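Report on the structure given below.
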Amino acid sequence: MSDASDTVDALARAAREGDRRAFEELVRSTSTETYTLAYRLVGDEDDARDVVQEAYLRAYRGISRFRGDARFTTWMYRITANCAVTHLERRRRHRHEELADDAPLADHCAERDPQARADVGALRDELTQALQELPPRLRAVVVLRDVYDLRHEDIAAELGITETAAKVRLHRARARLRARLFPERETREEVTARAV
Amino acid sequence: MRCEDLAGMVTTTAEGVAVDDWRGRRHVESCLRCQAELARYRKLLRTLRTLRSDLFDPGPELVADVLASLEEAGERHLLRSLLSGHRVVYVGGLAVATAGAAGALVIASRTRGRRVPLAG
């Protein structure tokens with residue numbers, strides 16, 4: 001357990017006891033991480049800011065319910081994920097812009113030399129880009145599970161879906177990322193689609 | 001088992017990825033194509049994990065905005081509790097005034113009853 005995590009958890013305990021300054025310090029300590037998650041989930045700077053504001057407001061109102069059996073950051077991730085989903089739903093209703101789960105991803109790397117992508121930094125950049133191109137409902141699951149290590153049941157609870165649905169989405173998201181980053185071989189879905 | 005079925009059997013573990021079906025595991029042991037596929041999944045999941053340490057800078061104004069909205073929420077809460085407090089004070093004041101007036105009437109009537117007539 002790192003010193004920074006201990007400090008954050010100590011601040012969370014103080015905030016739970018009603019220490020307003022401790023909560024403000026929590027915001028200062030965790031806002032970059034919270035913003036990063038929000039940005040990864042909604043894919044837009046302004047939307048991410050709105051999500052972060054809403055998430056901290058909810059956290060502030062609900063801090064007395066924070067039991068402390070999980071890390072404060074994990075608790076904050078869950079609230080942020082929930083706010084992001086609400087935000088995306090609202091945005092979808094207004095803009096009707098969400099892609100269907102099976103909409104094809106733009107293939108930006110087909111013409112590139114695979115050797116040139118061997119560099120880890122390049123792969124991270126490409127993965128970041130690929131995540132942004134995933135439909136939000138798939139992106140949310142893979143980000144929360146594979147990047148932030150949340151449990152399937154927690155992801156399902158925050159996204160308002162069943163655990164099975166969360167696992168199915170995770171599998172589809174990984175398969176699409178794999179196909180996008182390593183296009184040398186067709187995915188099972190592509191093979192199936194070609195056979196039909 | 002076909003190579004195309006592998007994707008559905010790949011699961012993550014603390015160490016990386018694994019195949020959660022014995023038929024799949026047996027197949028992978030003898031299939032170079034699937035071993036390469038597993039290696040790609042390992043690389044994908046490893047890279048996904050590293051993204052957690054990639055932070056996006058929101059700029060200093062985000063914290064200021066969040067603190068301002070908390071302040072505003074706190075003030076609204078305070079205002080609400082003050083207003084409900086004022087209602088209590090107002091009702092309490094009315095009760096005290098009524099009780100005081102009633103008391104004064106009782107004292108006045110008793111004083112009148114005990115008034116001693118002047119001599120002569």
* Asked: Got at least one residue in segment A:63-80 being over 17 Å from A:R145 (Cα atoms) and within 12 Å of chain B (Cβ to nearest Cβ)?
  -> yes
* Only one of (1) under 19 Å from A:C83 (Cα atoms); (2) surrounded by 21 or more Cβ atoms within 10 Å (Cβ to Cβ) fails for A:A157. Which number is that? -> (2)
* Lone unmet requirement of (1) within 12 Å of chain B (Cβ to nearest Cβ); (2) under 14 Å from the mean Cα position of the chain (by Cα) for A:G18 -> (2)
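Scan segment A:113-133 for residues that are at pLDDT below 85 and surrounded by 14 or more Cβ atoms within 10 Å (Cβ to Cβ) and jot them down. Walk me through it before giving the result.
Within segment A:113-133, the subset at pLDDT below 85 is A:113-121.
Within segment A:113-133, just A:R117 meets the criteria.
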* Name the pairs whose Cβ atoms lie under 8 Å apart, with the first residue in segment A:21-40 and within 9 Å of chain B (Cβ to nearest Cβ) and under 13 Å from A:I79 (Cα atoms), the second small (G, A, S) and surrounded by fewer than 23 Cβ atoms within 10 Å (Cβ to Cβ), and 6 or more positions between them or separate chains? -> none
* One residue from A:Y60, A:Y77 being within 22 Å of B:D57 (Cα to Cα) and not polar (S, T, N, Q) -> A:Y77
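Taking B:D57 as the residue in question, decide whether it is within 28 Å of A:F23 (Cβ to Cβ), out of contact with any His (no Cβ under 7 Å at 6 or more places or on another chain) and not in a helix (DSSP H, G or I).
Spelling it out, B:D57 is indeed within 28 Å of A:F23 (Cβ to Cβ), out of contact with any His (no Cβ under 7 Å at 6 or more places or on another chain) and not in a helix (DSSP H, G or I).
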* All but one of (1) crowded, with 17+ Cβ neighbours inside 10 Å; (2) closer than 26 Å to A:H171 by Cα; (3) modelled with pLDDT of 70 or more hold for A:A59, so report the exception by its number. => (2)
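The values are calculated or read from the model by the stated rules, or taken from the named source; none is laboratory data. On a predicted model such as this, the values are computed, not experimentally measured, just so you know. Positions of Cβ are generated from backbone atoms using ideal geometry, with glycine treated the same way; all protein chains shown enter the neighbour counts.
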